[in-house]
Every structure is written in structure tokens, then in C-alpha cells.
Amino acid sequence: AGSVAGAGDGADPRGVWDPEADEIVAGLIDRGQVPWVNMLLRTWIKNGQPLPLGLPSELRDFMERARRLPSWADRGKLATAVDFNEKRGLYLGVTYGFASGMMSTAIPREARAVYYSKGGADMRDRITKTAKLGYDIGTSNAYDPFGEMIVTCVKTRLAHAGVRHLLPQSTYWQQVADEEKPISQADMMVTWHSLPTTVMQNLVKWKVPIPAGESAAFLHSWQVCAHMLGIRDEYIPNSWDEANSQAKQVLDPILAPTPEGIKLADMLLNMATIIPGGPLKYITKPILGSLTRYVLGDEIAEWLNIPEEPLWDGVFETLWEPFIRVREGLLSLEDAPGALQKFYWAFDEIIRLAALLVLSGGNLPISIEIPTSNNPDY
């Protein structure tokens, strides 16, 4: 009853994957066709482009169906979501990076799947591909013919199918996994909640004023995204109340440390070094660690071996919300706590760093591809 479509067969999402995509991609991998398919798909960039000639017929037929928006997609809401993303883009970069991105390292199944699949061998590449999703969904033409969000979702769906076929063949993954096949519908919804649900929870916590219509539109853009990623409509929440309720059931209780997640978190905390053009001069790993502790809390920070930073921990705890109020025009900098004037530059740099990370998804030739192997280091 709490889904978008309001109907479904009630299957346990932990035992449901993406059977049509999985069968097709497994066949491509086993027949050695993936390099050819990836080469062809590099030319498919915009939503409205025809699919490249030369694709295997079963793949072409599947992709033609997969690229269609659901019947319940609301163009009006998607247009309003554009306004929301333009107004809140600065904070969205921070929350995608430090709420969602860092939280993903404390989701055991996701951390293991990333670490032992091909993406774990090149985290800069992996991070920029993930950032592309956040970039594309925030563009003014995300789901329009000249946008790229549909392409990104369909390619991600194919990449997930490749991981499902390959990762169970990894003895390293088998030794630590608690599932026979990764990226179930339940796993995908857990990850989904680490994105829009967690982002909105933080914006509310920071008292960012958001009109109800824009809030609903932001949710809708992510509901459409879930559908385009191959998640069944019956599992997609139809409101923020439902999303928060689901997250309490399926996300919060499973958060835990893993050796793989701790290593991935350390890589992410070196985020300033993976931005194209080199590190931002003044944003250090301790500052990013403190921001993570502030956003995700002490327990997760301890799990991820993020040390306490007495100065910066206190700065975020006392000054981040006043900073947001200044940015929103609700408080003048002159009337803000005196210390904020001293640290305003740092918060501004953090927002710029996060925006660069997400926006780099629009400035680099990022190609989301079907993997042909697992992490070669494992």
C-alpha cells in the first residue's frame, strides 16, 4: 500500500533481482560480446538518441523497453524538481557526498559488492560514475530527450546485471558475503534510501526551508530514477513518510562496519585528491572526517575508524546550521556567531569541493559499462 503503483505480487525483495537484464547480460558475458557492446554503447549519450546499430537483438529490445518512463511519471513534478535542484544544489553535493557516499561504506552488502567487483580497483572512476547519477538527476533536462538521466539509469542497470553474474564467481566475495547473489531489489532500495531519503532527512535537520511542492517533486524525481534502475514499483515509497518508515526498517538496522567498508571510507576521505585538477588546498582529511562525524554521528564515525578532531568536531556542531541560515538569507553574517566569520571560508570550500565532485559527472567523459571481470587485485 505504500508503493507508487499501490499494487504488486508481494514477493520478498531480498529474493528478487532483475531477471530479464540478468539473463541477457550473463549471455553477453559468457559469449564474450561485452567489449563490443560497451564500445557501441559509448556513443549512446542522450536520452532521445536512437540505440546504436549492431547491438544484439535481445539487448536492443530490452533497452527499448527499459528506456521508457513509467506511466505514472509526472512531467510537472519533474520540472519542479529542476527548480529544487537549482536552489539546493550546493547542499545536495554535500549530502550526496558525506551523508550518502560515506553511509554507503557502512552498508555491508554494498561495501563488499563495490570492493570486490571491478569498481573497487579504481575508486576515482567508481566515485565519478556514482557522482554522474547525482549530476544527471539534477540537470534541467534530466529525463528529457536532450538529458542523460535515462541513459545513465539503463547503463547502470546493465552494469548491475554484470556484477550479479560475475561477483558470485569471486572466492574473496564468497568468503564474506551473506547472500548468494548481490544487488537484490532489497539491496537496491537500501542504497536508494541512502540517497534521497537520507538527503532530505539532513536538509530537514539543517532547517533548510523547502516548499512542500518542491519536496514532493524531489521525491518524485528519485521515484522515477528507482523505476528506471529496474526497481519494482511495489517497493518504491509513495511519500516521504513512507520513505522514512522504510528506511527505519531496512537501512538503519543493517548499518555496520566491515573491513571493506573501512578501506572504502578511507579512500572517500581523500576525496579532495580525486577531484580533477588536484586537491583543494585547504580542505584536509581531518576536516572531511569531522564533517562525516557531524552528518552520520559518532557511532558510524567510530565504525569507519574516523578519529575525533576536537576543533573541527566542535566547529561543525555549533556553526554549520548558522552557516546554512546565512546562505539561505535567514541570518546576516554580521549577526551570526563571531566564530562563523572565521570558519565561513572552510564551509564555503567544502561546499565547492562537494559541488565539484558531483558536477565532475557532467564534465568528464564518463562511460558506465558492463564489467567483464571482478576486482583484479582480488
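The values are calculated or read from the model by the stated rules, or taken from the named source; none is laboratory data. These figures come from a predicted structure and were not determined experimentally. Positions of Cβ are backbone-derived with ideal geometry, glycine not excepted, and every protein chain shown enters the neighbour counts. Protein only, heavy atoms only, side chains kept; ligands, DNA and RNA dropped before computing areas. Shrake-Rupley method; radii C 1.70, N 1.55, O 1.52, S 1.80 Å.
Points worth noting:
- Some residue of the stretch 152-160 being assigned to a helix (DSSP H, G or I), out of contact with any helix residue (DSSP H, G or I) (no Cβ under 8 Å at 6 or more places or on another chain), farther than 23 Å from Ile262 by Cα and open to solvent by less than 30 Å² (accessible area, probe 1.4 Å): yes
- Only one entry of Leu69, Leu90, Leu28 meets the criterion of being surrounded by 19 or more Cβ atoms within 10 Å (Cβ to Cβ) and either touching a residue at least 60 places away in the same chain (Cβ under 8 Å) or not charged (D, E, K, R) (or both), and that entry is Leu28.
- Looking across the stretch 210-251 at every residue that is among the charged types (D, E, K, R) and surrounded by 17 or more Cβ atoms within 10 Å (Cβ to Cβ), the one that is nearest to Glu20 (Cα to Cα) is identified as Arg232.
- Once the stretch 161-202 is narrowed to residues that are assigned to a loop (DSSP other than H, G, I, E, B) and in contact (Cβ under 8 Å) with a residue 40 or more places away in the chain, the residue that is surrounded by the fewest Cβ atoms within 10 Å (Cβ to Cβ) is Asp178.
- Considering residues of the stretch 271-291 that are of a type in the set (S, T, N, Q) and surrounded by 14 or more Cβ atoms within 10 Å (Cβ to Cβ) only, the residue modelled with the lowest pLDDT: Thr284
- In this structure, Lys248 does satisfy being within 30 Å of Trp72 (Cα to Cα), part of a helix (DSSP H, G or I), of a type in the set (D, E, K, R) and at pLDDT 90 or above.
Residue-wise test of (1) among the hydroxyl-bearing types (Ser, Thr, Tyr); (2) open to solvent by less than 30 Å² (accessible area, probe 1.4 Å); (3) modelled with pLDDT of 85 or more.
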site	(1), (2), (3)
Glu317	no, no, yes
Arg327	no, no, no
Leu331	no, no, no
Lys342	no, no, no
Ala346	no, yes, no
Ile370	no, yes, yes
